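The values are calculated or read from the model by the stated rules, or taken from the named source; none is laboratory data. The structure presented is a predicted model; accordingly, all values stated were derived computationally and were not measured. For neighbour counting, all protein chains shown are included, and Cβ atoms are generated from backbone atoms with ideal geometry for every residue, glycine included.
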Amino acid sequence: MADLSINFCGIKAPNPFWLASAPPTDKAYNVVRAFEAGWGGVVWKTLGEDPPAVNVSSRYSAHHGKNREVLGFNNIELITDRDLELNLQEITEVKKAWPDRAIVVSLMLPCEEKAWADILPKVEATGADGIELNFGCPHGMPERGMGSAVGQVPDYVEMVTRWCKQHTKLPVIVKLTPNITDIRAPARAAHKGGADAVSLINTINSITHLDLDRMVAFPAVGNASTHGGYCGSAVKPIALNMVAEIARDPQTKGLPISGIGGIGSWRDAAEFIALGAGCVQVCTAAMLHGFRIVEEMKDGLSRWMDEKGYKSLDDFMGKAVPNVTDWKYLDMNYKVIAQISQDDCIKCGRCYVACEDTSHQSIFRTVDAAGSPTYTVNKDECVGCNLCEITCPVQGCITMVPQDTGKPYMNWTQDPRNPRREVKAA
């Protein structure tokens with residue numbers, strides 16, 4: 001049976017599934033219930049200086065699908081609103097009771113070295129396994145010079161990281177904000193400052209929707225609102241890309257990564273690990289479905305690993321990274337065309353409409369004497385864009401079939417159609 005245990009930058013845990021720093025990890029009661037359910041670790045909700053932060057009501061909103069499925073989740077909640085000493089006491093008690101589980105403490109403080117130097121020994125005294133520097137929170141705290149206000153400035157990231165490495169022996173994980181043009185810049189800064197690992201992504205600036213009668217966005221606080229932090233399954237593609245960018249960057253190569261963003265299943269976790277993550281953090285899925293989801297996550301990942309012959313996470317960690325490249329290095333001579341299974345086709349016509357109206361007019365529609373339509377691919381015109389496959393409601397009905405072009409690999413830097421191609425000297 002597959003071994004799910006991990007050693008993430010010196011922090012051991014029985015499995016890679018951790019709860020992210022958020023409401024689910026706000027107090028001992030929650031964390032104990034999480035450990036009883038089987039979570040391998042938690043990142044305790046972000047601590048700060050006393051007096052604690054004061055939150056507003058309400059705090060959450062969501063972007064729903066057609067059937068009320070929560071696609072994205074928005075929050076304007078701040079860091080812990082509980083006293084620092086109470087949090088530290090509970091962390092101490094939980095760690096003593098659960099020594100085999102990872103407890104990482106998230107921290108957010110002003111950019112003053114003394115503030116960090118004062119709190120770090122207190123955290124270390126709890127027996128916690130590591131700290132996570134919250135440089136990602138996009139709402140409320142940046143207005144106070146913290147959160148993403150730090151994470152968006154690489155010099156600040158490096159500076160605070162270096163302070164923490166000087167004032168604690170615990171592993172230092174730097175949580176990065178996605179609200180930035182190039183995620184590699186703060187990751188490089190964290191690495192330069194001595195970070196033991198990075199975690200990403202934190203939440204994305206967002207407004208989910210409005211009350212058009214009141215003309216107020218959600219979550220509404222009286223007659224006003226503000227942008228919040230967006231998370232949930234909708235952000236997973238953004239998170240995967242940013243994790244991959246750091247994993248394949250020569251300047252941060254080998255830097256441990258804790259993957260965060262839209263993880264709700266074992267498959268999501270496996271994708272993050274394949275792109276270089278050494279553990280994953282979950283928040284929204286647990287808030288929507290409860291702590292027991294970890295049972296399916298662990299079982300599913302273990303079964304898949306057994307099926308693939310992977311004995312441990314190390315066997316496939318980062319295995320997909322070499323296959324992520326820049327667009328200019330993709331094979332210009334590789335070609336696929338769509339193929340429609342007539343046995344599976346339900347004659348809805350979505351593929352035809354999408355291709356005819358917005359793509360390459362590569363699907364024929366013919367109607368028999370009884371008025372029943374048939375859809376077939378014009379192989380000479382199909383460019384292999386995948387739009388028909390994406391719009392088809394029947395999984396597997398449309399497949400993209402590789403074609404033998406008889407041409408060797410050629411990327412854009414070599415393509416004669418590229419006016420700036422790299423021409424080798426004779």
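Give me the pairs, please: first residue somewhere in the stretch 215-226 and over 16 Å from ALA62 (Cβ atoms), second residue anywhere and basic (Lys, Arg) and part of a loop (DSSP other than H, G, I, E, B), beta-carbon distance under 8 Å, and either six or more positions apart or on two chains.
Taking only residues 6 or more apart or on different chains, the pairs are ASN223/ARG214.
Taking the options VAL172, VAL160, VAL150, name whichever one is closer than 22 Å to ARG248 by Cα and either buried (at least 19 other Cβ atoms within 10 Å of the Cβ) or touching a residue at least 40 places away in the same chain (Cβ under 8 Å) (or both).
Result of the check over VAL172, VAL160, VAL150: VAL172.
Within the stretch 14-37, how many residues are under 21 Å from the mean Cα position of the chain (by Cα) and farther than 12 Å from ILE91 by Cβ?
Adding up the residues that qualify gives 11.
Residues that are at pLDDT 95 or above, in a strand (DSSP E or B), in contact with a helix residue (DSSP H, G or I) (Cβ under 8 Å, 6 or more places away or on another chain) and surrounded by fewer than 23 Cβ atoms within 10 Å (Cβ to Cβ): does the stretch 39-47 have at least one?
no
Anything in the stretch 356-372 that is in contact (Cβ under 8 Å) with a residue 12 or more places away in the chain and of a type in the set (A, V, I, L, M)? List them, or say none.
ILE363
With the structure loaded, tell me whether GLY147 is at pLDDT below 95 and either in contact with a Ser or Thr (Cβ under 8 Å, 6 or more places away or on another chain) or aliphatic (A, V, I, L, M) (or both) or whether it fails that test.
For GLY147, the condition - at pLDDT below 95 and either in contact with a Ser or Thr (Cβ under 8 Å, 6 or more places away or on another chain) or aliphatic (A, V, I, L, M) (or both) - is met.
Take the residues of the stretch 48-87 that are surrounded by fewer than 20 Cβ atoms within 10 Å (Cβ to Cβ) and under 30 Å from PRO14 (Cβ atoms): which is nearest to the chain's Cα centre (by Cα)?
VAL70
Condition check ((1) more than 30 Å from ASP26 (Cα to Cα); (2) out of contact with any Asp or Glu (no Cβ under 6 Å at 6 or more places or on another chain); (3) surrounded by 13 or more Cβ atoms within 10 Å (Cβ to Cβ); (4) free of Cβ contacts under 8 Å to residues at least 40 places away in the same chain) across all residues:
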{"residue": "CYS279", "(1), (2), (3), (4)": "no, yes, yes, no"}
{"residue": "VAL321", "(1), (2), (3), (4)": "yes, yes, yes, no"}
{"residue": "TYR334", "(1), (2), (3), (4)": "yes, yes, yes, no"}
{"residue": "CYS348", "(1), (2), (3), (4)": "yes, yes, yes, no"}
{"residue": "ALA354", "(1), (2), (3), (4)": "yes, yes, yes, yes"}
{"residue": "THR374", "(1), (2), (3), (4)": "yes, yes, yes, yes"}
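Name the one entry in LEU86, LEU109 that is without any contact (Cβ under 8 Å) to a residue 60 or more places away in the chain and not in a strand (DSSP E or B).
Values: LEU109 fails: without any contact (Cβ under 8 Å) to a residue 60 or more places away in the chain.
None of the other options fit; the residue is LEU86.
Which members of the stretch 254-279 meet the condition of being under 12 Å from LEU313 (Cα atoms) and not aliphatic (A, V, I, L, M)?
GLU271, PHE272, GLY276, GLY278, CYS279
Here are some residues: ASP100, ASP50. Which one is over 30 Å from ARG144 (Cα atoms), among the acidic types (Asp, Glu) and in a loop (DSSP other than H, G, I, E, B)?
ASP100
Can you give me the ranges of the strands (runs of 3 or more DSSP E) entirely in the stretch 177-265 with at least 2 residues that are in the same structural domain as GLY300 (by TED's automatic domain parsing), at pLDDT 95 or above and under 13 Å from the mean Cα position of the chain (by Cα)?
Once the strands (runs of 3 or more DSSP E) in the stretch 177-265 are filtered for at least 2 residues that are in the same structural domain as GLY300 (by TED's automatic domain parsing), at pLDDT 95 or above and under 13 Å from the mean Cα position of the chain (by Cα), what remains is 197-200, 228-231, 257-260.
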